[in-house]
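Working notes for the structure below.
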Amino acid sequence: MSEHIAVAVVHGIGMQDPDFATRFQENLIRQLAQELGPEVQDPAGEVILKPVYWSPVLQNLEDELWKRLKESGDLDFMELRKFLVYFAADAFAYQPTPKDRTVYDSIHTIFAETLRGLATEAGDRAPLCVIAHSLGSVVASNYFYDLQKGADMVSEPVRNQMGDTPLERGETFSHFYTLGSPIAIWSLRYADFGMPIAVPSPKLSEHHPRLEGEWVNFYDEDDVCGFPLKTLNSLYRERVKADVAVNVGGLLTSWNPASHLGYWEDNDVVRPIAKSLARAWRSIN
């Protein structure tokens, strides 16, 4: 029996649908089938994908906030204000404070639940690939940063959702793909722009000695939320394998900031990920 690869897909800011990852998953499996060829009859059965759907943590709060703001009277630029409530507010609310980390922990609890499901379906030792867009890349980075720093960094609500498997402990974290990532902006909070997570996990070789992981960061030059990462400092230069410039979006979006929403369906993003996952699958089977 072949070993599986676990894939967690993390959405970014804004109102999200529960099936946000469906079209991406279909494209990824299609590309993966081409890479694996006829030797693998069911690629979808070899790569177990689950979405990290954290949007509901903030959706009701943002709905209520917008309702109350509209009651304050006439305001100019209402659509822009609504955009800020439903998009920028995600980023503000996610940040923990010294006395309150409710939203942070709630989102990380959903992340832990997703990894628990992946461990159950893909296997306790399955290599873990995380594909994260926008603010989701910050969420993923923070989640694994906490794991890699030790149990004291992981709050009790999150620990309560974690099983004691190598995958859930982050030991098999092998591939990280960041799409339109604002991690560079978040790095302003730290001296010399901070310390990136280790990708792959330092313990990956204990479980899969032949597997080579990678962190690849995709960004569009027209996407004002997405930035390169390797130039932040020497550690980012070492740990991020490549900053890859892509041109995502359609006719109306590929040349402006709306390109931020175009990564999921772009083959210049999906195809390289499929190639890497195919290599990873072969290295463990």
message: So THR102 ticks every box in (1) at pLDDT below 85; (2) open to solvent by 50 Å² or more (accessible area, probe 1.4 Å); (3) among the hydroxyl-bearing types (Ser, Thr, Tyr) but one. Which box is left unticked?
response: (1)
message: Taking the conditions exactly as written (assigned to a helix (DSSP H, G or I), in contact with a strand residue (DSSP E or B) (Cβ under 6 Å, 6 or more places away or on another chain) and under 28 Å from ASN142 (Cβ atoms)), does THR114 satisfy them or not?
response: yes
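Residues are listed down the side, and each one gets a yes or a no for (1) in contact (Cβ under 8 Å) with a residue 60 or more places away in the chain; (2) on the phi < 0 side of the Ramachandran plot; (3) not in a helix (DSSP H, G or I):
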| position | (1), (2), (3) |
| --- | --- |
| ILE13 | yes, yes, yes |
| PRO18 | no, yes, yes |
| ASN27 | yes, yes, no |
| GLN34 | yes, yes, no |
| PRO51 | yes, yes, yes |
| GLN59 | no, yes, no |
query: So which residues in the range 237-283 are open to solvent by 20 Å² or more (accessible area, probe 1.4 Å), under 21 Å from GLU214 (Cα atoms), in a helix (DSSP H, G or I) and not acidic (Asp, Glu)?
result: ARG237, ARG239, ASN267, ARG271, PRO272, LYS275, ARG279, TRP281, ARG282, SER283
message: Contact list please: Cβ distance under 6 Å, first residue in the range 66-82 and modelled with pLDDT under 85, second residue β-branched (Val, Ile, Thr), pairs at least six apart or on different chains.
response: TRP66/VAL85
- prompt: Does any residue of the range 222-234 turn out to be closer than 20 Å to LYS149 by Cα and either out of contact with any Asp or Glu (no Cβ under 9 Å at 6 or more places or on another chain) or modelled with pLDDT of 95 or more (or both)?
  reply: yes
- request: Starting from the range 240-253, take each residue that is free of Cβ contacts under 8 Å to residues at least 12 places away in the same chain and list its partners that are open to solvent by less than 90 Å² (accessible area, probe 1.4 Å), counting only C-beta distances under 7 angstrom and pairs at least six apart or across chains.
  value: THR253/SER259; THR253/GLY262
field: Scope the range 10-46; condition closer than 15 Å to GLY262 by Cα and of a type in the set (Val, Ile, Thr); matching residues
entry: VAL10, ILE13, THR22
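The values are calculated or read from the model by the stated rules, or taken from the named source; none is laboratory data. As the structure is a prediction and not an experimental result, all values here were calculated from the model. Note that each Cβ is placed from the backbone with ideal geometry, even for glycine, and that neighbours are counted across all protein chains shown. Note: accessible area is taken over every heavy atom of the protein model, side chains too, but ligands, DNA and RNA are not part of it. Shrake-Rupley method; radii C 1.70, N 1.55, O 1.52, S 1.80 Å.
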